[in-house]
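Q: This is the structure I have questions about; it appears just below.
The values are calculated or read from the model by the stated rules, or taken from the named source; none is laboratory data. Model, not experiment: these values are computed from the prediction. Every residue, glycine among them, receives a Cβ derived from its backbone with ideal geometry; neighbour counts consider all protein chains shown.
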Amino acid sequence: MEEMKKGLEGVVALDTKISFIDGIQGILMYRGIRIEDLVDLPYDAVSYLLINGKLPDEAELNEYSLKLKENRHINCKLVDFLKDLSLGSEELDGLRTAISCTAHFDEENNHHTVDANQNKTARLVAKFPTIVAALHRGSHGLDVISPDNDLSHGANFLYMLTGRMPTELEAEAMEKDLILSAEHELNPSTFSLRIAASTLSDMYSAVICGLCTLKGPLHGGARKGVMDMMDEIGNIENAKDYVLGKLERKEKVMGFGHRVYKTYDPRAKIYKDVARRLAIENGDTSWFDMAEEIEHILYHEFVEMRGKPIYPNVDFYSAVVYKYLDVPAELATSIFAMGRVSGWIAHCMEQYSDNRVIRPRAHTI
Ligand code: ACO
């Protein structure tokens, strides 16, 4: 039998055209286009790119955006159900249940034609933000706010969550967040989704597998972990003791390290810039300053202790962005999923289009 690689580190499990990572140079591409060249586009265009393999022209983008807008609303029975869900510290549990309910309302749930999959794609991408916002407001006894079709995907989410129109920079930050979260090759949630798709299970079930895997604190759950950590540290003066204490106890500092990147994650650079701009607009840079201090402390400690640095991953400065957007920490993983759903669907379609069931072996010990 082949040598077992713990955590499948370095194992190549499949071919994909959807994204490319160079973890040494710090390069991420969606469909051959560098993330830096995509981040100023609307989320709808990047979603289209991931799912259809090319950037839309103006007419295609208008048509896709319209289809998403037409599908933003959610069934009123689902809204009532969401209000009754009791949510703990992680609202992703509610999102997972809500996506499962949405599948029941979708007559094409178990239809596997190209058209049915395109329709389900639009429903899933469009409904995620409405569900996340409705779930949060409903479970906190607030009125559920209907989508505003004059707003972009990201701006509409912030509006449905808070009830107020976001500033231009807040809307831009949300769109960028969704784009930067949208896709990342064979990360744990995408891999689990592809395993489900490889059994020819339906798209909703595959997406739910992705959600369940994203939840873990070593994956998408780290974003909430960073927000909680920042609250726990409280202010910049406490940062050094906190970080050194973690390292001494051999605990992980959330939002740092990556299996693939051995340099600065290109997404983290963009998030850092957005966080800085939001801090300035907000007139209070204390969250940003504390985050930068944590980054510096960890970098230097790692260089000193191990002779190599450690860098922030996608979850670190995105958590700072959420702080400035006033997003509650318990929503962080769900918002990550709102962006990632386009990448997941792209992988689901790619798996269906050239399928072989994914079934590795284990050494019996
Ligand atoms: N804080 C402190 N030490 C760390 C961290 C960290 N965040 N990340 C890695 N290290 C150390 C490990 O302790 C380990 O040291 P050792 O060799 O002395 O045991 C070494 O660096 C290698 O780390 P591994 O955990 O073996 O690396 P792996 O590739 O298995 O894990 C992971 C990568 C899960 C991202 C890890 O860095 C981690 O747990 N980070 C914190 C959680 C986090 O931010 N997750 C989000 C990742 S991005 C995403 O999924 C969206």
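Q: Given the range 154-238, what helices (runs of 4 or more DSSP H) lie entirely inside it while holding 3 or more residues that are under 15 Å from the mean Cα position of the chain (by Cα), charged (D, E, K, R) and closer than 30 Å to N119 by Cβ?
A: Fully inside the range 154-238 and qualifying: 168-180.
Q: Continuing with this model, one more query. If only one of L169, L211, L186 is surrounded by fewer than 18 Cβ atoms within 10 Å (Cβ to Cβ) and either under 12 Å from L325 (Cα atoms) or within 16 Å of the ligand (Cβ to nearest atom) (or both), which one is it?
A: On inspection, the qualifying residue turns out to be L169.
Q: N156: surrounded by fewer than 18 Cβ atoms within 10 Å (Cβ to Cβ) and either away from the ligand (no atom under 16 Å from the Cβ) or closer than 30 Å to N109 by Cα (or both), yes or no?
A: No; evaluated as a whole, the condition is false for this residue.
Q: What pairs come up if the first residue lies in the range 307-322 and is farther than 13 Å from F288 by Cβ and part of a loop (DSSP other than H, G, I, E, B), the second is among the β-branched types (V, I, T) and within 10 Å of the ligand (Cβ to nearest atom), and their beta carbons are under 6 Å apart, counting only those six or more places apart or on different chains?
A: Going by the 6 Å Cβ cut-off, there are no qualifying pairs.
Q: Identify, from the list E251, E237, the residue that is near the ligand (Cβ under 8 Å from one of its atoms), among the charged types (D, E, K, R), without any contact (Cβ under 8 Å) to a residue 40 or more places away in the chain and outside the structural domain of L92 (by TED's automatic domain parsing).
A: Going through E251, E237 in turn, the sole match is E251.
Q: Check I365 against each of (1) assigned by TED's automatic domain parsing to the domain that holds G255; (2) free of Cβ contacts under 8 Å to residues at least 40 places away in the same chain and name the one condition it does not meet.
A: (1)
Q: Among the residues of the range 273-289 satisfying the criterion of being buried (at least 22 other Cβ atoms within 10 Å of the Cβ) and not aromatic (F, W, Y), which is farthest from E36 (Cα to Cα)?
A: Among those residues, the one meeting the criterion is L278.
Q: Does F128 satisfy the criteria of being farther than 16 Å from A206 by Cα and touching a residue at least 24 places away in the same chain (Cβ under 8 Å)?
A: No; evaluated as a whole, the condition is false for this residue.
Q: Something else about it: Anything in the range 249-271 that is of a type in the set (D, E, K, R) and surrounded by 21 or more Cβ atoms within 10 Å (Cβ to Cβ)? List them, or say none.
A: D265, R267
Q: Separate question: Report, by residue number, each residue of the range 79-117 that is out of contact with any helix residue (DSSP H, G or I) (no Cβ under 7 Å at 6 or more places or on another chain), buried (at least 16 other Cβ atoms within 10 Å of the Cβ) and more than 27 Å from A329 (Cα to Cα).
A: Within the range 79-117, just A116 meets the criteria.
Q: Let me ask something else about it. Here is a check on your reading of the model: is D15 assigned to a loop (DSSP other than H, G, I, E, B) and either surrounded by fewer than 16 Cβ atoms within 10 Å (Cβ to Cβ) or among the polar types (S, T, N, Q) (or both)?
A: yes
Q: If you don't mind, another one. Could you please let me know if E3 is surrounded by 14 or more Cβ atoms within 10 Å (Cβ to Cβ), at pLDDT below 95 and part of a loop (DSSP other than H, G, I, E, B)?
A: no
Q: State yes or no: is K6 of a type outside the set (A, V, I, L, M, F, W, C), within 16 Å of the ligand (Cβ to nearest atom) and over 14 Å from E185 (Cα atoms)?
A: yes
Q: Same structure, new question: In the range 38-78, how many are part of a loop (DSSP other than H, G, I, E, B) and surrounded by 14 or more Cβ atoms within 10 Å (Cβ to Cβ)?
A: The total comes to 12.
Q: What is the one condition in (1) buried (at least 23 other Cβ atoms within 10 Å of the Cβ); (2) within 26 Å of K215 (Cα to Cα) that Y311 does not satisfy?
A: (1)
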